[in-house]
Amino acid sequence: MDQTKMQEEFMQEAIKLARENISLGHGGPFGAVVVKDGKIIGKGANQVTFTNDPTAHAEVVAIRDACKNLNSFQLDDCEIYTSCEPCPMCLGAIYWARPVKIFYAATREMAAEAGFDDSYIYQQMPLNPLVRDIPTMNLLPVHAKTVFDEWVRLENKIPY
């Protein structure tokens with residue numbers, strides 16, 4: 001099977017998960033799969049309202065599933081297929097997981113039209129923490145720095 005056809009099939013699976021999720025009433029219309037070596041190794045659908053977990057977006061759920069199945073905290077040589085352009089949180093999680101590629105179907109503008117508008121978060125992110133709508137205060141940085149110093153000196157750490 002040619003690569004484009006396989007990619008389309010993986011995206012169809014992510015979209016199918018999104019559709020199933022809304023029919024089950026488990027959350028929003030979002031689905032994602034993680035693929036390695038041409039096989040799906042992780043699946044996820046939005047579980048925010050079902051689990052009362054604001055971080056349970058489809059991509060995060062799929063990353064957790066794939067990492068558990070790989071017994072790894074990174075998605076080396078993996079691709080992520082998501083039914084919608086990742087929100088800022090999911091994009092951050094994806095970058096931390098380090099896959100080689102991201103594919104998405106619907107755009108963030110399409111999501112906004114359906115009531116899932118993350119433009120506010122994108123607008124808040126570059127602002128100085130003191131002027132964000134949710135004030136963010138720096139507290140005891142010198143004390144916290146000692147923990148980082150301990151980490152730097154630790155010889156048996158697993159870097160990531």
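The values are calculated or read from the model by the stated rules, or taken from the named source; none is laboratory data. What you are looking at is a predicted structure, and each value in this text was computed from that prediction instead of being measured. Here the Cβ is made from the backbone with ideal geometry for all residues, glycine too, and neighbour counts use every protein chain on show. To get the accessible areas, we keep the full protein, side chains included, count just its heavy atoms, and leave off ligands, DNA and RNA. Shrake-Rupley method; radii C 1.70, N 1.55, O 1.52, S 1.80 Å.
Numbers for the structure displayed
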quantity	calculated
Modelled label reach - Y122, point 7 Å along Cα→Cβ, region 53-91 residues with backbone N closer than 20 Å	57-60, 81-91
Simple label model, 7 Å out from Cα along Cβ direction - V100 to L139, nm	4.5 nm
Residue with peak Gaussian network fluctuation, the chain [Cα springs, cutoff 10 Å], from V131, V34, V147	V147
Amide H contacts of F103 (H built 1.01 Å from N, under 5 Å, at least 5 apart or other chain)	I80, Y81, T82
Qualifying chymotrypsin sites (Phe, Trp or Tyr not before Pro) in region 35-104, DSSP loop, other Cβ atoms within 10 Å at most 15	F73
Cβ-defined net charge surrounding Y122, 14 Å radius [Lys, Arg +1; Asp, Glu -1]	-3
Gyration tensor (alpha-carbon) shape descriptor, region 1-91, a/c threshold 1.5	oblate
Sum of -39500 (n - 2.57) over DSSP H runs of 4+, divided by residues of the chain (222 nm, nearest 500)	-14000 deg cm²/dmol
Of all DSSP beta bridges in the chain, antiparallel share, percent nearest 5	70 percent
24 Å Cα-Cα threshold exceeded, pairs from K39/K68; K39/K101; K43/K101; K16/K36; K5/K68; K101/K145	K5/K68; K101/K145
Rounded Å value of the spacing that divides the Cα centres of region 99-117 and region 1-60	12 Å
Accessible-area composition of the chain, carbon plus sulfur, in percent [1.4 Å probe]	59 percent
³J(HN,Hα), Karplus 6.51/-1.76/1.60, whole Hz, each residue of region 63-74, x for Gly, Pro	4, 4, 5, 5, 5, 4, 5, 8, 6, 8, 8, 10
Efficiency of FRET from Cβ geometry, I158 and S23, R₀ 45 Å, rounded to 0.05	0.65
The chain: relative contact order as a whole-number percent, Cα under 8 Å and 6+ apart	15 percent
Probe 1.4 Å, protein heavy atoms only - accessible area per residue of the chain in square angstrom	66 Å²
